[in-house]
Every structure is written in C-alpha cells, then in structure tokens.
1. With the requirement that a residue be open to solvent by less than 10 Å² (accessible area, probe 1.4 Å), in a strand (DSSP E or B) and not polar (S, T, N, Q), what does segment 218-235 give you?
2. Could you check segment 150-190 and list, in sequence order, the residues that are hydroxyl-bearing (Ser, Thr, Tyr), open to solvent by less than 40 Å² (accessible area, probe 1.4 Å) and either in contact with a Pro (Cβ under 7 Å, 6 or more places away or on another chain) or closer than 18 Å to Leu230 by Cα (or both)?
3. For a quick check of your reading of the model, give me the residue pairs whose first member lies in segment 9-21 and is farther than 17 Å from His57 by Cα and of a type in the set (A, V, I, L, M), whose second is open to solvent by less than 60 Å² (accessible area, probe 1.4 Å) and assigned to a strand (DSSP E or B), with beta-carbon atoms closer than 9 Å and at least 6 apart or on different chains.
4. Is it the case, given these coordinates, that Thr210 is without any contact (Cβ under 8 Å) to a residue 12 or more places away in the chain, part of a helix (DSSP H, G or I) and β-branched (Val, Ile, Thr)?
5. Is it fair to say Lys215 is touching a residue at least 24 places away in the same chain (Cβ under 8 Å) and open to solvent by 30 Å² or more (accessible area, probe 1.4 Å)?
6. Taking interchain pairs and intrachain pairs at least six residues apart, which have beta carbon atoms under 6 angstrom, with the first residue in segment 285-314 and on the phi > 0 side of the Ramachandran plot and the second buried (at least 22 other Cβ atoms within 10 Å of the Cβ)?
7. What number goes with the only condition from (1) in contact with a His (Cβ under 8 Å, 6 or more places away or on another chain); (2) closer than 17 Å to Pro116 by Cα; (3) not in a loop (DSSP other than H, G, I, E, B) that Val279 does not pass?
8. Among the residues that make up segment 236-244, is at least one of them among the hydrophobic types (A, V, I, L, M, F, W, C), under 19 Å from His171 (Cα atoms), open to solvent by less than 10 Å² (accessible area, probe 1.4 Å) and in contact (Cβ under 8 Å) with a residue 24 or more places away in the chain?
Amino acid sequence: MSETFLEFQIPHQKIFNGIQFPLILSPNPKSQTPPSSLSLFTKAIKTEKTFLDSVLHKSGAVLLRGFPVNTASDFNNVVEAFGFEELPYVGGAAPRTNVVGRVFTANESPPDQKIPFHHEMAQVPTFPSKLFFFCEVEPGSGGETPIVLSHLVYEKMKERHPEFLERLEEHGLLYTRVIGEDDDLSSPIGRGWKSTFLTKDKSVAEERATNLGTKLEWLEDSVKTIMGPLPAIKFDKTRQRKIWFNSMVFAYIGWEDARNDPVKAVTFGDGKPLPADIVYDCLNILEEESVAFPWQKGDVLLLDNWAALHARRSFDPPRRILASLCK
C-alpha cells in the first residue's frame, strides 16, 4: 500500500495473472500530504521509491496520471527524482533532439508513419533497462504508444513457431543499416552517423562503433552499420523467465527509407534471410497481446525495457511525447 499513490483502472488495461498492465497510479485523495505541486510529487517519488520499484517490477509498466507535471523541465525533475542513472543515446536509430537535462523528444519521424514494436536499442549491446515517456501535448487523434509484455511474445512464438525460435536462439540476429551524415527527419531510422555516435570525427565514430559491437563500412556519402549477431532471446534474471528481446519486427517492416530495404536490414546471425510469414505472424502476436491507451497531457509512463516492448501509432498533430533513457 502507498500513502501518496492510488491504483486505478481504465478500460484499455489488460490483466495478466491478476496483475494490471500497465499499472496506473493517481494521487491518493486521502493522503495527508497530497502531491499537489511538482516539489511534493518529486518528494513523494523519493519517499516511496521502494513501492514504485516493486510495482514496476510486478507489472512491467507504470502510468502516472493526474500529477502536476506540465513541462519538459517538470518531467526532467520527475526522472531525476527516481534516481536511475542516465543512459546516453549512442547507437540508436531514431532522430531525437535534446530538450532539457535528461529529456529528449521521442522519435521525430512523420506523423503518418507507424513505428513497429521494439525494445529500446535492442540492436546494440548496451541498452536502457528503463525508459520514461511524458505527454507534453496530447495527440489530435491516434498517436498511442502501444506496449506488450516480452515474455508473452516469447511464449506465443514458442507455441506457434518452435523450430524458428530454436534457430533464433542458436544464431541470433544481424542488423544492417545504411545511414547518412546528418539526420533525415523524413525517416523513422534517419539518425545520421554524426548524432548516432555523437561526433563529427570518423575515427571517433569508428571507436564508438567498435565499443557498441558495430562494424562500419564507409560509403561515398553514408556508412553501412553492421550490428551483431546479437541474441534475440534473453533471460530476465530478476523475473526468472525467457523474453523476446530484439528489433526483428521493427527492422523487417520499419527500417525503410531511401537508403534501406527493410527485408535486408535484419537476418539470422548466419546471414540467412528470415521467413516473411513468421515475421508477420510475430507482428500479429505483438498486436494481439498489446495494450494501447490514449495519451493525456501530463501522463508519465515508466517502462521496464526488459519486460515490455513499445511502438507508436500514426497520429494527427499536434502531439509531443518526450522520453528519457536510464541504465
């Protein structure tokens, strides 16, 4: 139980083994010190950190709704209050802009484009364990951030495609992406190499790529990045279960722009192509098991990147969702 936070339900939630997904917390009206200001809210986060950590671990996703969080700066204070260490956004594919402190824009690709399900930065060896999203401006319509539990996806894939899963566990996945020098905001994977590796120096980019387990092949006006083979299935030690942890569907159907053919963007770790029918059935599983709730201004969503994948639906502007990544 919590003094400050009260669980409540919305129609979009799902229940798995008696646990709400996502778990939704709002201010407790019976609290002796209701979090009526940002400073009281951040104080409550610090005071009740053990409670918040435990509900995140139990559910995999926690939505904080109805708290006084209005601006990017407010959101940054909320992220800081949780006390998780920051993870710099190095090696990710999405075009993003730093807004304030530890806060970035979420993927800035055009509103008519969907972003398929993925774990944040699953295509590089160092990925965040947790991520925050904040709704600064509610979408005109659409624009949800659907989420789905990784262990459920693993179980369904094992049930429907056991031989494919065996190959995946044996070989892992290889990700190939061609990127330009500067960011291309018309593409969902349009982050240029300068911002991918946070440098303008090719030799520094090489060094940082090597640290990420990425090979670079320089082309005339771009660079081919080859990541992996990386495991596609991981073992979540804290929950003692296998999870679907990869960017297979995202890369196969979403890594498309003027430079990239998505079918070639991801293969088995031995370079052999993936069977299209199974990739699309995996997409069906992700959609079937997912939860999508309409964003409300001020919402803060905390995701355990080990427990859940996320996506983005297309939308009518305006919409401004901010993000922050944690080690």
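The values are calculated or read from the model by the stated rules, or taken from the named source; none is laboratory data. Computed from a predicted structure; not experimentally measured. Cβ: placed from backbone, ideal geometry, glycine included. Neighbour counts: every protein chain shown. Side chains included, ligands, DNA and RNA excluded: accessible areas come from the protein's heavy atoms. Shrake-Rupley method; radii C 1.70, N 1.55, O 1.52, S 1.80 Å.
1. Val223, Met227
2. Of segment 150-190, the ones hydroxyl-bearing (Ser, Thr, Tyr) are 150, 154, 175-176, 186-187.
With the extra rule that they be open to solvent by less than 40 Å² (accessible area, probe 1.4 Å), the set shrinks to 150, 154, 175-176, 187.
Result: Ser150, Tyr154, Tyr175, Thr176.
3. So the pair list comes out as Ile10/Ile24; Ile10/Leu63.
4. Values: without any contact (Cβ under 8 Å) to a residue 12 or more places away in the chain: yes; part of a helix (DSSP H, G or I): yes; β-branched (Val, Ile, Thr): yes.
So Thr210 passes the test.
5. Details: touching a residue at least 24 places away in the same chain (Cβ under 8 Å): no; open to solvent by 30 Å² or more (accessible area, probe 1.4 Å): yes.
Considered against the rule, which asks whether it is touching a residue at least 24 places away in the same chain (Cβ under 8 Å) and open to solvent by 30 Å² or more (accessible area, probe 1.4 Å), Lys215 comes out as no.
6. Gly298/Val69
7. (1)
8. As a first pass, look at segment 236-244 and keep what is among the hydrophobic types (A, V, I, L, M, F, W, C): 243-244.
Remaining after also requiring under 19 Å from His171 (Cα atoms): 243-244.
Subset that is open to solvent by less than 10 Å² (accessible area, probe 1.4 Å): 243-244.
Still in the running and in contact (Cβ under 8 Å) with a residue 24 or more places away in the chain: 243-244.
Yes, there is a match, as at least one residue in segment 236-244 is among the hydrophobic types (A, V, I, L, M, F, W, C), under 19 Å from His171 (Cα atoms), open to solvent by less than 10 Å² (accessible area, probe 1.4 Å) and in contact (Cβ under 8 Å) with a residue 24 or more places away in the chain.
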